[in-house]
Amino acid sequence: MSFPSHRPRRLRRTEALRGLARETRLSTSGLIYPMFVCPGTKVRQEVSSMPGIHQQSVDQIVEECREVEGLGIPGIILFGLPETKDPRGTSSLSAHGVVQRAIEAIRKAKLKLLVITDVCLCEYTDHGHCGVIENGDVANDPTVAILAQQALSHARAGADIVAPSDMMDGRVAAIREILDEHKFENIAILSYAAKYCSGFYGPFREAAQSTPQFGDRRGYQMDPANAREALKEVRLDLEEGADMVMVKPALPYLDVIYRVREAFDVPVAAYNVSGEYALVKAAAEKGWVDESELYWKS
């Protein structure tokens with residue numbers, strides 16, 4: 001009997017054959033670029049744990065957005081580092097806040113970018129938690145009321161999409177209601193629906209200056225052991241009005257991304273988070289890996 005007729009290597013022999021048979025195709029059209037906005041002018045401070053990533057003032061954000069647009073990346077997501085912090089994160093609501101001013105500046109520059117905004121309180125509270133503290137715990141409903149107002153302020157400034165990342169119950173419904181009430185029914189909601197508690201967020205907390213001053217976030221972010229619960233969280237957010245959902249972090253939860261993709265016919269975002277980025281950069285700096293070989297090559 002001759003060798004079996006199926007030789008999968010036939011279609012791997014050359015780059016042209018590999019490209020012809022490739023099952024998954026990535027392009028910049030599916031990417032979103034995170035940016036950290038800080039007060040001041042001409043500020044561009046590199047984040048030590050994320051080489052190449054900076055805290056930037058609004059004027060510098062606009063300049064980097066020009067580069068992002070030139071690369072063919074369709075959108076950005078903005079995180080704010082406010083001038084002042086307090087227990088309730090009230091500076092996040094200001095029409096003159098760093099994120100709101102960045103949105104307006106990007107619009108004024110007429111850049112063809114989708115502007116997404118992170119809706120959360122961790123960057124704006126002096127205790128670093130994602131909500132209002134009552135009796136030593138994060139109070140869900142008072143937090144939701146503030147988040148809805150924050151999302152509205154972003155919409156008024158010109159955001160295309162608001163992305164609640166706090167993991168409070170009911171926040172998508174509250175945001176959808178207030179946006180619709182104020183005639184922003186076309187503003188989409190990208191919900192961080194399955195956001196797991198993770199040590200991979202460490203570098204981000206440096207970049208956003210959002211490390212909790214006490215305790216941790218296990219009481220509101222998801223337990224890493226739970227996959228079925230992620231489907232529940234996604235379903236609830238969609239029922240409340242989310243247009244897109246996110247699984248975060250991406251690499252440790254590829255199984256969850258797959259299950260969400262199979263269960264729901266909506267756009268699913270995968271957030272490759274700061275710790276995943278930092279691992280690659282650190283290993284490359286030490287010469288343990290060739291960074292260029294770790295990324296997709298078409």
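Tabulated values for the structure
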item: Compactness of the range 90-143, expressed as Rg and Dmax over alpha-carbon positions, Å; result: 14.3, 46
item: Relative contact order (%) - the range 117-192, alpha-carbon pairs under 8 angstrom, separation at least six; result: 32
item: The range 25-78 and the range 221-249: distance between their alpha carbon centers, rounded to Å; result: 27
item: Average Cα contact separation per residue, the range 1-58, under 8 Å, 6 or more apart, as relative contact order %; result: 24
item: Probe 1.4 Å, accessible area per residue of the chain, Å²; result: 52
item: Overall dimensions of the range 179-298 by Cα: Rg and Dmax, Å; result: 16.7, 55
item: Nearest-0.05 FRET efficiency for D255 and R12, computed from C-beta distance (R0 30 Å); result: 0.70
item: Computed over the chain, the ratio Rg/Rh where both radii use C-alpha atoms and Rh is Kirkwood; result: 1.01
item: C-alpha long axis of helix 228-240 to longest principal axis of the chain, angle in °; result: 60
item: FRET efficiency estimate (nearest 0.05) - Cβ-Cβ, E181 to L294, R0 45 angstrom; result: 0.45
item: Stretchable slack from T28 to N226, in nm (0.36 nm times residue separation minus alpha-carbon distance); result: 68.2 nm
item: Normalised contact order of the chain, rounded percent, pairs of Cα under 8 Å and 6 or more residues apart; result: 14
item: The range 28-126 - Rg and Dmax from Cα coordinates, angstrom; result: 13.2, 40
item: Residue (of I103, L121, I178) at the positive-pole extreme of the range 101-258, dipole from beta-carbon charges; result: I103
item: Rg/Rh for the range 167-209, where both radii come from Cα atoms and Rh is the Kirkwood radius; result: 1.13
item: Accessible surface ranking that places the most exposed of S27, S198 first, with a 1.4 angstrom probe; result: S27, S198
item: Distance histogram for the range 65-181 (every C-alpha pair counted, 5 angstrom bins, percent rounded to whole numbers); result: 2, 13, 23, 22, 18, 12, 7, 3, 1, 0
item: Fraction of accessible area attributable to carbon and sulfur, the chain (%, probe 1.4 Å); result: 53
item: q = 0.13, 0.14, 0.15, 0.27 Å⁻¹: log10 I(q)/I(0) that the Debye formula gives for the range 1-80, counting C-alpha atoms only; result: -0.59, -0.63, -0.67, -1.26
item: Potential extension, K286-T211 segment - 0.36 nm per residue separation minus Cα distance; result: 24.3 nm
item: Label point distance in nm, D59-K112, each placed 7 Å from Cα along Cα→Cβ; result: 2.8
item: Along principal axes, Cα extents of the range 124-223, largest first, whole Å; result: 39, 29, 25
item: Per-peptide average of other Cβ atoms within 10 Å, ordering 135-144, 154-163, 223-232, 29-38 highest first; result: 154-163, 29-38, 135-144, 223-232
item: With Cα atoms, 0 to 90° folded angle of helix 274-285 axis to the chain main axis; result: 50
item: Residues of type lysines that K108 reaches as a straight line, Cα spacing below 20 Å, ignoring anything fewer than 8 places off in the same chain; result: K42
item: The chain - mean residue ellipticity at 222 nm from DSSP helices (-39,500 (n - 2.57) per run, n ≥ 4, rounded to 500); result: -10500 deg cm²/dmol
item: Vicinal HN-Hα couplings computed from phi for the range 62-75 (Karplus, 6.51 cos²θ - 1.76 cosθ + 1.60; Hz; Gly/Pro x); result: 4, 5, 5, 4, 4, 5, 4, 4, x, 7, x, 7, x, x
item: DSSP-assigned coil residues among GluC sites (Glu not before Pro) in the range 167-209, each with at most 10 further Cβ atoms within 10 Å; result: E185
item: Cα-based helix-to-principal-axis angle, 98-108 vs the chain, degrees rounded to 10; result: 70
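The values are calculated or read from the model by the stated rules, or taken from the named source; none is laboratory data. Values in this document were obtained by computation on a predicted structure and should not be read as measured data. With ideal geometry, Cβ positions are generated from the backbone for all residues, glycine too; neighbour counts draw on all protein chains shown. These area figures cover heavy atoms from the full protein model, side chains too; ligands, DNA and RNA do not enter into them. Shrake-Rupley method; radii C 1.70, N 1.55, O 1.52, S 1.80 Å.
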